[in-house]
Amino acid sequence: MSFADLGLSDELLRAVGDTGYTEPTPIQASAIPSVLMMRDMVAIAQTGTGKTASFVLPMIDILAHGRSRARMPRSLILEPTRELAAQVAENFEQYGKYHKLSMALLIGGVQMGDQVKALEKGVDVLIATPGRLMDLFQRGKILLTGCSMLVIDEADRMLDMGFIPDIEEICTKLPAQRQTLLFSATMPAPIKKLADRFLTNPKTIEVARPATTNTNITQWVVPVKGQAFEKRKVVRQLLRGEDVRTAIIFCNRKTTVRELNKSLQGHGFRSGEIHGDMDQSARIAELERFKNGDINILVASDVAARGLDVKGVSHVVNFDAPWHPDDYVHRIGRTGRAGATGVAYTLVGPDDSENIQNIEKLTGEKIKTLDALPGEPEEERPARAPRRERAGREEPVAAPADKAATPSRRTRDEQRDPAPRGEAPTRQSRERSDHERGQYDEPRRGRRDRDDGSDDGWNGPIPDFLQVTLTR
């Protein structure tokens, strides 16, 4: 089957051809004809299956007929994160270049005044995060009564971030007669309830069972010692021993992201970082460096686990085993996309066995253990002085008198990663203490991480793919 068999316009087929794609993915082949027939739809698809194009392409052809009115968008796409919203905007710009359609992007971190001006001109496509959309709606800057098409993307992620009440309120402000498309990687009970309430006789499409991993991805568990210093050594050996073109390394904490990136740069790697403490302009700039090849390694927290669509990512490394098993599916889904193959490594320490068991239970498959690291091992570091326990704390054993004048030197990595003092905390207590210190990049499950529309530091010009109008 080709894209021409799906009923798309000649202009749209030309734009698709310009991207180099010749055959639709399974979800595109199943979804596009139904969307063109104006059916409501529930699509269950794992990440990397091409689901964005499955609603962007038919929406462009549907919206080609009609005119926009001031402050009344004709269609609405809801995304859980700014990165995902910006990615969808790029897709519209790419596929809609032969159509005269206008678009507005409503996300936090961008000046609200520019977004209001775009809405006043009238837009065909409105792409928004729930927080910024509700903010502008409550200020009377936007009307949703003219919206005839709604897309709820990454619905399970919306649930995790606490956006379901906002989505329910948004749905009640849209016309009752509309087309609604809901996309989700999994279908938990609250999402099923949302679909039953707001969709009319939807067609259900499932291209892979929920929470399965891409068969094009080779997965490995890499046993490591628990110390961060040892884990960094293993990561460097993996990156040097494999044919790594581009790689994304995921960490559970923002502080770990910063420390790992600094360590990699110190060892000569072209790496960058992205996490929730960075303002929006810095995050976009770092993503552009990664996409353009200025850097080929991106160290990230889970803020980037969904929404990154970079072609040719050959490897994913989980520096920390994710605490929530569904995050594993979305992390490794950054590789093996669009029919390509990829490799995913997960570093597993003594305290991570429960996390891996939960992942294997969710995905229904056993992850193979890597017995030997690729490439040559790094030069051995000087051994640490033996340690002894005293009063619940570890202290170095005094060096012999004849060697006291020549103490061994320790590397900077070792100084940053001293041996743990006393008994290691349990995973539950570690999660609690880190949450109290604000070290989590994403909220605990069920907590609200609201995109409240505040300006979080955007000072530069808006990038090309965030411009509000699509031109010929």
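The values are calculated or read from the model by the stated rules, or taken from the named source; none is laboratory data. Please read these numbers as outputs of a predicted model, since none were measured by experiment. Note that each Cβ is placed from the backbone with ideal geometry, even for glycine, and that neighbours are counted across all protein chains shown. Accessible surface is based on the protein model in full, side chains and every heavy atom, while ligands, DNA and RNA are left aside. Shrake-Rupley method; radii C 1.70, N 1.55, O 1.52, S 1.80 Å.
When the trypsin sites (Lys or Arg not before Pro) in segment 69-100 are filtered for DSSP coil states and for at most 12 other beta-carbon atoms within 10 Å of their beta-carbon, the remaining sites are LYS100. Annotation: lysines with alpha-carbon distance below 18 angstrom to LYS141 (same-chain offsets under eight excluded): LYS117, LYS121, LYS173.
As a fraction of the 1.4 Å probe accessible area of segment 93-160, surface on carbon and sulfur atoms comes out at 48 percent.
Straight Cα distances below 18 angstrom link LYS193 to the lysines LYS203, with same-chain residues fewer than 8 positions distant left out. Classify segment 326-376 as rounded, prolate or oblate, taking a ≥ b ≥ c as the square roots of the eigenvalues of its Cα gyration tensor: rounded when a/c is under 1.5, otherwise prolate if a/b is larger than b/c and oblate if not. The shape class here is oblate.
Quick one: pull the percent of accessible area on segment 264-335 belonging to carbon and sulfur, 1.4 Å probe, ligands and nucleic acids left out.
Details: 900 of 2020 Å².
Roughly 45 percent, rounded to a whole number.
Counting only protein heavy atoms and a 1.4 Å probe, segment 1-113 has 37 square angstrom of accessible area per residue. How many percent of Cα pairs in segment 103-142 exceed 12 Å? Summing the P(r) tail past 12 Å for segment 103-142 gives 53 percent. Within segment 276-301, list the residues whose amide N lies under 15 Å from a label point set 7 Å along Cα→Cβ of GLN94. In segment 276-301, the label zone of GLN94 (backbone N under 15 Å from the point 7 Å along Cα→Cβ) covers 288, 291-293. Potential lengthening of the chain between LEU143 and SER353 amounts to 70.5 nm, from the contour at 0.36 nm per residue minus the alpha-carbon distance. Spatial offset of segment 322-355 relative to segment 35-90 amounts to 28 Å, using the alpha carbon center of each.
In this structure the amide hydrogen of VAL123, modeled in the peptide plane, comes within under 5 Å of the amide hydrogens of ARG69, ARG71, MET72, ARG74, none closer than 5 places in sequence on its chain.
Residues whose amide H falls under 5 Å from that of THR218, counting only those 5 or more places apart or on a different chain, are GLY342, VAL343, ALA344, with hydrogens built in the peptide plane.
Annotation: extensible slack from GLN177 through ALA285 equals 34.8 nm (criterion: 0.36 nm per residue apart, minus Cα-Cα distance).
Percent antiparallel among DSSP beta bridges with both residues in segment 35-147, to the nearest 5?
Values: 1 of 9 bridges.
For segment 35-147, the DSSP antiparallel bridge percentage is about 10.
Taking a straight line from the alpha carbon of LYS231, these lysines sit under 17 Å away, with near neighbours fewer than eight places off in the same chain left out: LYS254, LYS262. With a 1.4 Å probe rolled over the protein heavy atoms of all chains, the accessible area of HIS315, HIS267, HIS65 falls in the order HIS65, HIS267, HIS315, largest first. Antiparallel beta bridges, as assigned by DSSP with both residues in segment 60-218, represent about 5 percent of the total such bridges.
Take the alpha carbon gyration tensor of segment 264-363, find the square roots of its eigenvalues, order them as a ≥ b ≥ c, and report rounded if a/c is under 1.5; if not, report prolate when a/b exceeds b/c, else oblate. Judged from the Cα gyration tensor, segment 264-363 comes out prolate (a/c at least 1.5, a/b above b/c).
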